[in-house]
Amino acid sequence: MTDTATTRTTRGSRPRNRRELIAAAAGRAFSERGYHAVGMDDIAAAEGISAAALYRHFPNKYALFVHCATALADGLLATLDELPPDASLEETLRAVARTTIAGRASGGIYRWEARYLEPDDRAALRATFERITDRVATAVSSARQDAGAPDVGPAHARVLAAAALGAVGSVTTHRTSMAARRTEGLLADAAVRVALATPGHADHPTPVPAPPRAPAPGRRGQILDAAVPLFHRDGYPEVSMGDIAAAVGLTPSGLYRHYRGKADILLAACLEAADLLERTVAERTAGARSPSVALSALADAYVGYSFEHTALTSVATAESGGLPAAVQRPLRAAQREHVARWEAAVRAVRPDLDPTEARVLVHAGLGVVTEAGRAVHWADTAEHRALVADLVLAALGAPPADGPTVGGRTKSGPTDSGATDSGASPDGS
């Protein structure tokens, strides 16, 4: 990958790849701060040019956003097109990992910001991702046959492909630093394990409700319960205090007796999500008899939480960047503590990993949950939970648990009926 610094020319002259430099700067900004928080002046300043110069390349912010949102997806598809017809699953996923790592700085657009695309553009992006998923699913089916893994139908193969792509794409969601070649190998190996996983290799608990939510009492709780689905559906920047007031049956001025503003409502949602996740994990991992049992219980807990509280989890993950920096600190601290819990659990069963490798794999496992959950449309069934938890453990390279984790157990099988014929969508639908 060419260092952008080498493409710049002497002061006062125009780089030949000015358009690409602008797109790279915009992609980083959109990924880190969100579409609505970034202005054309911000992007121009980052590139050291005037806004007028920027508009010579892109007519408006939306056009620039569309370019950024489609660039990596088109690049991934081009990468797959360049592979020989007989490329192995490992070669396929390594190529995908290489391209994803190269576009890491702007990759966050796909997970959350693509929902701000207009319908036609969003449909085009989704179609590209579906083609990518289909290509990987074909490689998955072929590799499973060659490896003697249990046969799965086309819909299930697409879920495995989406999950494998989630493991690779996780590198766009965090800043853990490791050499690109090393990261590529680690993620590709994790994705291959996911693709070849045999569902039902570990026991899983019969789903039990997560600890009950403890919303703020009275009107505060009602307002929060009304706001979270709106933030999830439309995106935090698109929801007004008037929208929330209408949903809860108040006047906009009435909301301000309970919250100082929309950011306070979002903060309350994020804090509730962090607290609920911590309580869920603590309850379901208590009493684990060994490191492998503890890790399996942690996977079950996180997957169960994600399926039960999809809207709240999505809002907390996607929208916390819209909060003031000062109030983001405790949320970031809670996120780091949660990842550290995973890291310790993984290293307890895989002492061959150093802390950085374990952290990268933890994020890969969490990425599996996001994309596999999307692939089954978050339909909360025992089979889906068990399947996704198995895929998380596969991504981590964890050995089977050496006994029951917490509570009773049921098995999940690799049936095609448990999966919907849908790949991961770029807008979370």
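Report the relative contact order of the chain, percent, no decimals, based on alpha-carbon pairs under 8 angstrom and at least 6 residues apart. Computed over the chain, the figure is 23 percent. A convex hull fitted around the alpha carbon atoms of the stretch 204-413 yields 119 Å³ per residue. With R₀ fixed at 51 Å, the C-beta to C-beta distance from ALA124 to ARG257 puts the FRET efficiency at about 0.70. Largest GNM mean-square fluctuation across GLU337, GLU82, GLU113, computed for the chain with C-alpha springs under 10 Å, falls on GLU82. Between the residues ALA334, ALA226, LEU361, the greatest Cα displacement towards the positive end of the dipole of the chain, with unit charges on the Cβ of Lys, Arg, Asp and Glu, is found for ALA334. The per residue volume of the convex hull around the alpha-carbon atoms of the stretch 157-203 is 91 Å³.
Here each label is just a point 7 Å from Cα along the line to Cβ, and for GLN328 and GLU278 those points are 2.1 nm apart. Within the chain, the proportion of Cα pairs with more than 28 Å between them is 51 percent.
Going 7 Å from the Cα of GLU337 toward and past its Cβ, which residues in the stretch 282-301 have a backbone nitrogen under 19 Å from where you end up? Counting only backbone N, you get 282-287, 298-299, 301. Over the Cα atoms of the stretch 95-195, the radius of gyration divided by the Kirkwood radius equals 1.00; this is the Rg/Rh ratio. Highest mobility in the GNM of the chain, judged by mean-square fluctuation with C-alpha springs under 10 Å and restricted to SER141, SER106, SER253, is found for SER253. Rounded to the nearest Å, what's the spacing between the alpha carbon centres of the stretch 273-346 and the stretch 140-200? Just the number, please. Between the Cα centre of the stretch 273-346 and that of the stretch 140-200, the gap is 22 Å.
Inter-label distance, HIS36 to ALA105: 2.6 nm, where each label sits 7 Å from its Cα along the C-beta direction.
Coordinate-derived values only; no laboratory data. Since we're looking at a predicted model, the values are computed, not measured. Heads up, the Cβs are rebuilt from the backbone with ideal geometry, glycines too, and the neighbour counts pull from every protein chain shown.
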